[in-house]
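Peer 1: Take this structure, written in structure tokens, and hold onto it; I'll ask about it next.
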Amino acid sequence: YLNNVSFSYPDEKKDILKKINFEIKEGIKLGITGETGAGKSTLFHLMLGLLKPDTGDIYFNNKSIYHDLNNWRNKIGYIAQNIYLLDATIEKNILFDFLNEKVDKKRLEFSIEMACLKNKILELPNGINTQVGNDGIKLSGGEKQRVALARAIYRNPSILFMDESTSALDNQTESEVMQSIEIIGRRCTTLVIAHRLSTIKKCDRIYEFLDGKIIASGQFDQLRSISSSFRSMIELQSFDA
């Protein structure tokens with residue numbers, strides 16, 4: 001849970017996040033949305049332990065995550081907006097942090113299936129041993145996102161962080177990926193940042209951010225009812241909710 005978390009960058013005069021408080025219950029899927037610059041990615045960077053709050057703290061099992069960051073990071077999976085891929089095979093990019101360990105074939109197959117990558121791999125002449133090129137240049141944006149998702153799932157995380165992780169997917173693939181996340185959600189807690197409202201429609205709870213503050217929270221239909229800015233997002237996206 002987050003307790004009174006505020007944060008500002010050294011060169012900024014104003015807080016990027018202002019006294020953020022909320023609890024994340026185990027096993028839920030939580031959505032975070034809001035306009036660009038609202039503080040969503042900064043919030044993730046704090047929760048990942050990449051940044052530290054100016055005030056307040058972030059707790060897991062009643063202990064500050066900053067008490068033992070290595071232990072915390074071993075429990076999480078993270079799919080960033082900007083995906084980094086090795087100039088190597090699809091398999092090595094999925095294994096990533098586990099390249100020096102024996103491959104768990106069942107876990108690898110599960111990760112590929114959950115990331116909706118199986119059919120793509122079957123289409124390729126060299127399958128999972130296909131080279132992706134420098135920073136994944138041989139893959140489309142959507143394929144890179146699916147490789148990153150498979151990588152995160154292979155970690156078998158307690159908490160999965162997804163930062164705009166479906167933005168490059170077509171509607172059909174996004175729907176399939178989110179169905180997979182429903183399955184994964186039975187195994188771990190999932191936190192999703194998304195502008196694309198279809199990505200967070202089925203979240204157990206959604207937090208809407210504006211200027212570093214939570215301005216509304218609830219399930220999708222509740223937010224649509226209570227937040228005019230959320231309704232505007234629905235209208236702008238012509239989203240049939």
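Peer 1: Projecting each Cα onto the charge dipole of the stretch 1-137 (Lys/Arg +1, Asp/Glu -1 at the beta carbon, about the Cα centre), which of 89, 79, 129 comes out farthest on the positive side?
Peer 2: 79
Peer 1: Same structure again: Filter the GluC sites (Glu not before Pro) in the stretch 1-99 to those in DSSP coil with at most 11 other Cβ atoms within 10 Å of their Cβ, and list the result.
Peer 2: Sites meeting the loop and neighbour criteria: 12, 23, 26.
Peer 1: Longest exposed-loop-site-free stretch of the chain, with chymotrypsin sites (Phe, Trp or Tyr not before Pro), DSSP loop and at most 16 other Cβ within 10 Å?
Peer 2: Excluding the exposed sites themselves, the longest stretch runs over 85-238.
Peer 1: Same structure, new question: Using θ = phi - 60° and the Karplus relation 6.51 cos²θ - 1.76 cosθ + 1.60, list the HN-Hα couplings for the stretch 67-77 in order, rounded to whole Hz, with x at every Gly or Pro.
Peer 2: 5, 8, 5, 4, 4, 4, 5, 6, 9, 10, x
Peer 1: With the contact rule set at Cα under 8 Å and sequence spacing of 6 or more, what percent relative contact order holds for the chain?
Peer 2: This gives 27 percent for the chain.
Peer 1: Take the solvent-accessible surface of the protein heavy atoms, probe 1.4 Å, and return the percent of it on the stretch 46-126 that carbon and sulfur atoms account for.
Peer 2: Carbon and sulfur atoms account for 45 percent of the accessible area of the stretch 46-126.
Peer 1: Related question: Which residue, 120, 202, 92, tops the fluctuation ranking in a GNM of the chain built on C-alpha contacts under 10 Å?
Peer 2: Result for the chain, Cα springs under 10 Å: 120 fluctuates most.
Peer 1: So, R0 is 51 Å and r is the distance between the beta-carbons of residue 122 and residue 54; what FRET efficiency does that work out to, to 0.05?
Peer 2: Once rounded, the FRET efficiency stands at 0.55.
Peer 1: Can you work out the Karplus-derived ³J(HN,Hα) for every residue in the stretch 94-108? Use 6.51 cos²θ - 1.76 cosθ + 1.60 with θ = phi - 60°, whole Hz, and x for glycine or proline.
Peer 2: 6, 5, 6, 6, 10, 5, 8, 10, 5, 6, 8, 4, 5, 5, 5
Peer 1: Count the DSSP beta bridges whose two residues both fall in the chain, then state the antiparallel fraction as a percent rounded to the nearest 5.
Peer 2: Of all bridge pairs located within the chain, approximately 45 percent are antiparallel.
Peer 1: Could you identify which residue out of 53, 157, 125 has the top mean-square fluctuation in a GNM of the chain using Cα springs shorter than 10 Å?
Peer 2: 125
Peer 1: Okay, next question. Carbon and sulfur: what percent of the stretch 160-232's accessible surface (1.4 Å probe)?
Peer 2: Result for the stretch 160-232: 42 percent of the exposed heavy-atom area is carbon or sulfur.
Peer 1: Further question: Based on Cβ point charges of +1 for Lys and Arg and -1 for Asp and Glu, what charge dipole magnitude is obtained for the stretch 70-133 about its Cα centre, in debye rounded to the nearest 20?
Peer 2: 200
Peer 1: For the pair residue 237 and residue 4, what calculated FRET efficiency results from E = 1/(1 + (r/R0)^6), where r is the Cβ-Cβ distance and R0 = 41 Å, to the nearest 0.05?
Peer 2: Efficiency, rounded to the nearest 0.05: 0.80.
Peer 1: Counting heavy atoms of the protein chains only and a 1.4 Å probe, report the per residue accessible area for the chain as a whole number of Å².
Peer 2: In whole numbers, the chain has 53 Å² accessible per residue.
Peer 1: Same structure again: What dipole magnitude, in Debye to the nearest 20, does the chain give about its Cα centre under +1 on Lys/Arg Cβ and -1 on Asp/Glu Cβ?
Peer 2: Around 500 debye, computed over the chain.
Peer 1: Once you have the Cα-Cα distance between residue 14 and residue 69, take 0.36 nm times their residue separation minus that, and quote the gain in nm to one decimal.
Peer 2: 17.1 nm
The values are calculated or read from the model by the stated rules, or taken from the named source; none is laboratory data. In this text the structure is predicted, and so the values were computed from the model without any measurement. All Cβ positions, even for glycine, are placed from backbone atoms using ideal geometry, and neighbour counts span all protein chains on display. Areas reflect the complete protein model, heavy atoms only, side chains present, ligands, DNA and RNA absent. Shrake-Rupley method; radii C 1.70, N 1.55, O 1.52, S 1.80 Å.
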